[in-house]
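For reference, the structure is listed below as structure tokens.
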Amino acid sequence: MNSAASAVDKAISYIKGPHANLNPSCFYSGYTTHETTGQLQQAQHYITKHWIGKKDTKVPYNCRLILGVVSDFAKADAAHINDWSGVFKEFAESVSGKVYVLLGETIDPHSIWLQHERQALKDNPRVTEVEVWEIEGNGQLKKTNKTKATL
């Protein structure tokens, strides 16, 4: 078994295991082009800068990203994973409770979010609620009316 396949299997086993700290979880995808500066505002940048480890009650905070969860089990193994799609899908299938999503106005149709995570969250009976936020053209974050059913 090559090291990449072995690392994927280890990551999935960790996610399915009893010691994985998955919740509350966050997902992200896409970008928004700032209407004034023209700069791309990546959802990944926003989520790591504003949501992870912060205690701002205006936006979700202290939620878990898949990369943080996987790096908990072994950073050395995570470095060998080239195709994360199966790991990301397993994460979406394994989370529970309330889930947070941050999206940009533009999402690549081939993104892991659209190809794997979104449907896995919708099909996951343990996910009780999905709170969706979007990056607006002015750079602000806005909570949407989207639900688990309307993702």
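Table for the structure above
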quantity: Links that overshoot a 27 Å alpha carbon limit, given the list Lys16/Lys98; Lys10/Lys143; Lys10/Lys148; Lys16/Lys143; calculated: Lys10/Lys143; Lys10/Lys148; Lys16/Lys143
quantity: Nitroxide proxy distance, nm - points 7 Å out along Cα→Cβ at Ser6 and Ser96; calculated: 3.2
quantity: Accessible surface, 1.4 Å probe, highest first, among residues Arg126, Arg118, Arg64; calculated: Arg126, Arg118, Arg64
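The values are calculated or read from the model by the stated rules, or taken from the named source; none is laboratory data. In this text, all values refer to a predicted model and were calculated from it rather than measured experimentally. All Cβ positions, even for glycine, are placed from backbone atoms using ideal geometry, and neighbour counts span all protein chains on display. All accessible areas refer to the heavy atoms of the entire protein, side chains included, with ligands and DNA or RNA removed. Shrake-Rupley method; radii C 1.70, N 1.55, O 1.52, S 1.80 Å.
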